[in-house]
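The values are calculated or read from the model by the stated rules, or taken from the named source; none is laboratory data. It should be emphasised that the depicted structure is a prediction, and the values quoted were computed from it without experimental measurement. Here the Cβ positions follow ideal geometry from the backbone for every residue, glycine too, while neighbour counts run over all protein chains shown.
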Amino acid sequence: MGFALLVLPCRSKIKYVLFPQVQTNFPALTLKSTIKSMSEEKLPFTGFSSVSIHGNQNKHPNSAHITPIYATSTFTFDTAQQGMERFDGQQEGYIYSRWGNPTFTDAEKVIEALECFNLKDSNGAPLQVKAILHASGQAAMTTMFMANLKPGDKILSHYSLYGGTQELMLKVLNQTGVETIIVDLRDLELTERTLKENPGIRIVHIETPANPTIQCVDIEEVTRIAKRYGTLVTVDNTFATPYLQQPFKYGVDFVFHSTTKFLNGHGTAIGGVLLGRDIEFMNTRATKWHRLLGGNSNPFDAFLLLQGMKTLEIRMDRHCSNAVETAAFLEKHPHVEKVNYTGLSSHPDFKTAQKQMNHPGAMLSFELKGGIESGKNFIDKLKMCVRAVSLGTVDTLISHPASMTHYGVAKEHREKYGITDGLIRMSVGIENLPDILNDLDQALSTT
Ligand SMILES: *Cc1c(COP(=O)(O)O)cnc(C)c1O
């Protein structure tokens, strides 16, 4: 029928470097999981998928196999005494769904287990962190910033950031008397100098890899410097997922995800999660702020997230291998000026990515020759890849920052951040590789 497999002459001579530790499983998985089995014994999970599939073993009514969608706003008390004890914290139990819900709990347990998998605390015991599920990545970030900052405090961050994060800092948090200082956190000397000169910095916020130039910040080095100045370190791990990068390994205080992206993986729900290593803080102040700010998740979205996470490992393996091949294909293409992918040795942060990630991941961007018109033409000619913002879904999503996400940003301002007129951002999906490459090739060759 109309399908023809494109023979790609470039594939044999591609010049890209695979990370030496590329593999489909985490190495040396010796740590016993902290998850209780039905018989309350610890299960020695040896791999990432087992954790994401069995990472919560809460029992549900009627022997339900899959976590039910607890579509209930409130929970009942048998007696006034029981109600009092739950409010008082003497008895565990749900009260009201803005405060917590069993479907949320199951999703939280899985994400905690994934972010801690194979990690130890400073005493050599399995690392424990606490997750709070939120309505969105933005809501999770708001809880974290509001619970930790007071007027006069400052945030230090990197200039390549998710747009919503940057706007939250510069338009909302500034109204609470919190100032944000943006520098290039890849410049460690500058990072240290900024911390020294600004004793009010309370949080160093890292997003790595970052949007849309796929820049990477060295989590270990920046955390080491930040800790000398007594500041908290927060990492947005959305692009990498815990499968590719576990920031708690480097002693960071908080990790975030927009679960909307790879964790859900199917583009069916908005969600976010905040994880913290200070369990006491998470159970008290962070919980309080989460409840009062009202950014709670909802049972249906939490259910969709739970389903999505079960296939995280196998999806990521396919996303990643497709991305490596796609980057190699694009780098050879005559209509492509430049490819930003941390799996290519030409990327300025190749070494940093190699150090802290298990694989360069599924996000890349590339510059077309011919500026804004060729960018728009290319996008319009795509036949299978989807024209959309967002990322991390099973299908390949392609966007054109100059005409979409960064349309309102002045040209000289965005170019300073590497967002040129011809820049195309790609979240490589898990379709069959030849179909992705065929689509790119036909759209590029007629551009
Ligand atoms: C999408 C995204 C966010 C915001 O998350 P929402 O779920 O849209 O609120 C934050 N950081 C990164 C890196 C993102 O990609």
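Figures for the structure shown
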read-out: Boolean, THR234 is of a type outside the set (Lys, Arg), modelled with pLDDT under 95 and within 16 Å of the ligand (Cβ to nearest atom); value: no
read-out: Count - residues of region 132-187 that are in a loop (DSSP other than H, G, I, E, B) and either modelled with pLDDT of 95 or more or more than 18 Å from the chain's Cα centre (by Cα) (or both); value: 13
read-out: Selected residue (only one of LYS288, LYS249 is of a type in the set (Lys, Arg), within 18 Å of the chain's Cα centre (by Cα), farther than 25 Å from ILE436 by Cβ and not in a loop (DSSP other than H, G, I, E, B)); value: LYS249
read-out: Residues (surrounded by fewer than 21 Cβ atoms within 10 Å (Cβ to Cβ) and hydroxyl-bearing (Ser, Thr, Tyr)) located in region 81-133; value: TYR94, TYR96, SER97, THR105, SER122
read-out: ILE424 vs. criteria away from the ligand (no atom under 16 Å from the Cβ), within 18 Å of GLN215 (Cα to Cα) and aliphatic (A, V, I, L, M); value: yes
read-out: Hey, MET357 buried (at least 17 other Cβ atoms within 10 Å of the Cβ), in contact with a Cys (Cβ under 9 Å, 6 or more places away or on another chain) and either of a type in the set (A, V, I, L, M, F, W, C) or assigned by TED's automatic domain parsing to the domain that holds TYR243 (or both) or not; value: yes
read-out: Conditions (1) closer than 26 Å to ASN296 by Cβ; (2) modelled with pLDDT under 95; (3) more than 15 Å from the ligand (Cβ to nearest atom): number failed by ASN123; value: (1)
read-out: Set GLY265, GLY272, GLY276: member being crowded, with 24+ Cβ neighbours inside 10 Å and within 13 Å of the ligand (Cβ to nearest atom); value: GLY272
read-out: Residue in region 157-180 that is touching a residue at least 60 places away in the same chain (Cβ under 8 Å), over 16 Å from ILE201 (Cβ atoms) and away from the ligand (no atom under 16 Å from the Cβ) present; value: no
read-out: Residues within region 298-323 that are outside any helix (DSSP H, G or I) and either over 22 Å from LYS261 (Cβ atoms) or under 17 Å from the mean Cα position of the chain (by Cα) (or both), tallied; value: 2
read-out: Tally, over region 53-106, of residues that are among the hydroxyl-bearing types (Ser, Thr, Tyr) and either modelled with pLDDT under 95 or outside any loop (DSSP other than H, G, I, E, B) (or both); value: 5
read-out: Candidates GLY200, GLY230, GLY271, filtered to the one that is without any contact (Cβ under 8 Å) to a residue 24 or more places away in the chain and of a type outside the set (D, E, K, R); value: GLY230
read-out: Criterion (in a loop (DSSP other than H, G, I, E, B) and β-branched (Val, Ile, Thr)) met by exactly one of THR393, THR352, THR326; value: THR393
read-out: Any hit, region 434-447, residues being in a loop (DSSP other than H, G, I, E, B) and within 23 Å of the chain's Cα centre (by Cα); value: no
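Residue-wise test of (1) away from the ligand (no atom under 16 Å from the Cβ); (2) touching a residue at least 40 places away in the same chain (Cβ under 8 Å); (3) of a type in the set (Phe, Trp, Tyr).
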position	(1), (2), (3)
HIS347	yes, yes, no
SER374	yes, yes, no
LYS383	yes, yes, no
SER390	no, yes, no
THR393	no, yes, no
PRO401	no, yes, no
GLY408	yes, no, no
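Yes or no, residue by residue, for (1) touching a strand residue (DSSP E or B) at 6+ places or on another chain (Cβ under 9 Å); (2) more than 14 Å from ALA226 (Cα to Cα):
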site: MET144; (1), (2): yes, yes
site: PRO151; (1), (2): no, yes
site: SER157; (1), (2): yes, no
site: GLU189; (1), (2): no, no
